[in-house]
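Each remark here refers to the structure printed beneath this line.
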Amino acid sequence: MTFYPGKLSAIAVLSTISLMTNADYVDTDIINANNMSEVGFSLYGKGITLSGNAYQFPEVGHYCSTKTLVGDFKAGDIVTLRLDEQEALDNSLALRLLTWGAGQYKGFGGRTGEAKLTGELAFDVSTISVGFCRYHNKDFGAFELSTFNVVHTQDVIEAEHNSVAESSELVPVYPSCREYSRGREEQIFVLDDSEPRTLQQLFSDGTIQPGATVILRRHESALSLHAGHKQLLDEKAPWITIVGEQGASIGSINLAYVKNIRFSGLDISRETTGYLVSTYATENIIFDRNYITGGYDYETWDSHKWKNVANGMMLRRGKCSTAYRNELANLRMGIETYVRDYNMSQEVQSLKVLLKNNLIKNISADFMRPIGSDITIDGNIGLDHYVSVEDGDANHDDFIQGFAYPLGTEFDNVKIINNFYQSSTDISRPYQSEGQGIVIFDGLYTNFLIENNTVISDHWHGITVYWGRDGVIKNNTVMALDDTTGRYMWIQSEKDKSGKYNPENVVVTNNVANRFRLNANTVGRDNVTVNRVEVADHLVEFSPYELTFDAALKEDSLYYQESIGSSLTSVEKSLDEILK
């Protein structure tokens, strides 16, 4: 992942790399891999597998191996994809480049057997998709690829001293939180292997001060920032920006009490059963466009490994944390926001967290947890739950789980909107787990909104809220993945576990589900029930055996109305709408 700053005002060079000047353009490798499994490809096609460099396309049909890249891609920039020439020819592969932006779409398709594809971007975009396909597959033997390369060619503005250095990239934050900006007179450090001090040491010795930008071009084992770093405690100080380039990576990041830091474009991974990213009582912290993973060889993992792999992100207590456009993969837990304190006042409970447009996949526990007040979970995609009770894992897996502890705690103003979840994208893979969808079983959530979400799984609980006060559940679609299980995915509003407290002023409207279970105190109206055995009659294209999952209502269905259900009815639509 690569992040391109705007004009630079001054650079303090911590390496042999000098200031970029006077070049008409620069080529940047954004993928340069000789191990296909490490790229993080998304695989499309029935039964497709990738192990190391070896692909298997076992049936007739179309097969694709693609990677979504997030960065700063401008109109006129050139993106070039390359395979080995002989390998592309021998294996009938066609390169593919797709872009989305400004309400537009542009696709470039290479000829079958050609090893190079170059496309000029037609408009500014933050997301592109690169990869290769074999169309009309008729050769079922395994084959290997030795290399895949993607180069981004862009114009470079000459760096000037004493110019205004403003961020060229806006990052959303929770309403009322401090917006990100870069200072006018910041120092910019380029950190590569020629600098003997670690990133940790540069913070500890005071070299890195508020307002600095660090361009990281190497691996760091870990970064831990805390109250002992006095320069990081002033809430009014300028932002510090840490940007990864050229495959930069950090083993883990741990923050406590510090303020005003942005982490972007980093690979974050190491062997641990703890969290790869954790914050405690921080303020104004942004993680965007990072790749966070518990490992790359997940296809070889057994159930024990899945239960003991690293967790993703823990954002605990504090204020104003943002996780935006990150990819999290092959983890125990995805992203957890959490508050539990001896003083559970409204001020302490208010986290002001935004989780937006993250892609989370291959998880063995919960994808996300909103445990606190003032949390927005907007536009995230969750794909593929792993390991179940049958595999020795007693955890009940959830896409999004909220709970208010200790008893008597009330969490307020949680919004869960525009998210997509599918518990399995390949029902033939090992270690399936039928995850629950969006659930709140314990404690009281008030003033909540659950809107325009899609849940596709084989559990009972699609969307379930026990108790609840002043809440709305609307325009969601909840559907059983496989009708042979005998399970119905329902939307439910019910009493609390003790049976004492009924829902209060909870409205459930304009949803599509296999079943509805609504307490007498719940207002339910204009909902559509599609029995799990009726999906072929009423849904556009929904068959787990053909790996087609589009839960949109057919326009000729007697249930069809434009205002009913979620707009994010398939993986493809969600990627297009959310990650574009």
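The values are calculated or read from the model by the stated rules, or taken from the named source; none is laboratory data. Quantities reported herein were computed from a predicted structural model and do not represent experimental measurements. Neighbour counts run over all protein chains shown; Cβ positions are idealised from the backbone, glycine included. Heads up: the accessible areas ignore ligands, DNA and RNA and are worked out on the full protein's heavy atoms, side chains in. Shrake-Rupley method; radii C 1.70, N 1.55, O 1.52, S 1.80 Å.
The residue list Trp490, Trp460 contains one member that is open to solvent by 10 Å² or more (accessible area, probe 1.4 Å), modelled with pLDDT under 95 and aromatic (Phe, Trp, Tyr), which is Trp460. Note on the range 391-431: among residues that are among the charged types (D, E, K, R) and within 27 Å of Asp576 (Cβ to Cβ), the one that is surrounded by the most Cβ atoms within 10 Å (Cβ to Cβ) is Asp398.
Within the range 551-578, if we keep just the residues that are open to solvent by 20 Å² or more (accessible area, probe 1.4 Å) and within 25 Å of Leu355 (Cα to Cα), the residue that is farthest from the chain's Cα centre (by Cα) turns out to be Ser567. Of all residue pairs spaced 6 or more apart or on separate chains, those with beta-carbon atoms under 7 Å, a first member in the range 437-454 that is without any contact (Cβ under 8 Å) to a residue 60 or more places away in the chain and a second member that is basic (Lys, Arg) and part of a strand (DSSP E or B) are Leu444/Arg469; Thr446/Arg469; Leu449/Lys415; Glu451/Lys474.
Taking the residues in the range 176-196 that are open to solvent by 30 Å² or more (accessible area, probe 1.4 Å) and touching a residue at least 12 places away in the same chain (Cβ under 8 Å) as candidates, determine which candidate is farthest from Gly247 (Cα to Cα).
Per the criteria, the residue is Ser176.
The residues of the range 540-550 include none that are under 17 Å from Asn514 (Cβ atoms), exposed (fewer than 15 other Cβ atoms within 10 Å of the Cβ) and touching a residue at least 60 places away in the same chain (Cβ under 8 Å). Of the residues making up the range 230-256, just one is open to solvent by 30 Å² or more (accessible area, probe 1.4 Å) and in a strand (DSSP E or B), namely Asn254. Among the residues making up the range 463-486, those that are in a strand (DSSP E or B) and either charged (D, E, K, R) or more than 14 Å from Ile440 (Cβ to Cβ) (or both) are Arg469, Asp470, Lys474, Thr477, Val478, Met479, Ala480. One residue stands out among those in the range 143-172 that are assigned to a loop (DSSP other than H, G, I, E, B) and at pLDDT 80 or above: the one that is farthest from Leu97 (Cα to Cα), which is Pro172. Quick one: in the range 499-535, of everything that is of a type in the set (A, V, I, L, M, F, W, C) and open to solvent by 70 Å² or more (accessible area, probe 1.4 Å), which residue is nearest to Thr477 (Cα to Cα)? Once the filter is applied, the top-ranked residue is Val533. Residue pairs whose Cβ atoms lie under 9 Å apart, separated by 6 or more positions or on different chains, with the first residue in the range 210-236 and under 14 Å from Ala256 (Cβ atoms) and of a type outside the set (A, V, I, L, M) and the second open to solvent by 10 Å² or more (accessible area, probe 1.4 Å) and part of a loop (DSSP other than H, G, I, E, B), are Ser224/Ser252; His226/Tyr257; His229/Gly206; His229/Tyr257; Lys230/Gly206.
For the residues Arg487, Arg469, the requirement of being farther than 22 Å from Asn380 by Cβ, touching a residue at least 12 places away in the same chain (Cβ under 8 Å), in contact with a Lys or Arg (Cβ under 9 Å, 6 or more places away or on another chain) and not aliphatic (A, V, I, L, M) singles out Arg487.
If the condition is being open to solvent by 20 Å² or more (accessible area, probe 1.4 Å) and in a loop (DSSP other than H, G, I, E, B), then the range 311-327 contributes Arg317, Arg325. Looking across the range 515-542, the residues that are assigned to a loop (DSSP other than H, G, I, E, B) and either modelled with pLDDT under 95 or of a type in the set (Gly, Ala, Ser) (or both) come down to Ala520, Val530, Asn531. Scanning the range 22-66 for residues that are of a type in the set (Gly, Ala, Ser), surrounded by fewer than 15 Cβ atoms within 10 Å (Cβ to Cβ) and touching a His at 6+ places or on another chain (Cβ under 8 Å) yields no hits at all. Residue count for the range 364-383 under the criterion of being under 21 Å from Asn326 (Cβ atoms) and over 13 Å from the mean Cα position of the chain (by Cα): the result is 10. Looking at the range 376-391, which of the residues that are in a strand (DSSP E or B) and of a type in the set (A, V, I, L, M) is farthest from Tyr445 (Cα to Cα)? Checked the range 376-391; the qualifying residue farthest from Tyr445 (Cα to Cα) is Leu383. Pairs under 8 Å by beta carbon, first residue free of Cβ contacts under 8 Å to residues at least 12 places away in the same chain in the range 114-126, partner acidic (Asp, Glu) and surrounded by 18 or more Cβ atoms within 10 Å (Cβ to Cβ), six or more apart or different chains? Correct list of pairs: empty, since none qualify. Can you pull out the strands (runs of 3 or more DSSP E) entirely within the range 328-375 that have at least 2 residues that are touching a residue at least 24 places away in the same chain (Cβ under 8 Å) and open to solvent by 30 Å² or more (accessible area, probe 1.4 Å)? Counting at least 2 such residues, we get 350-356.
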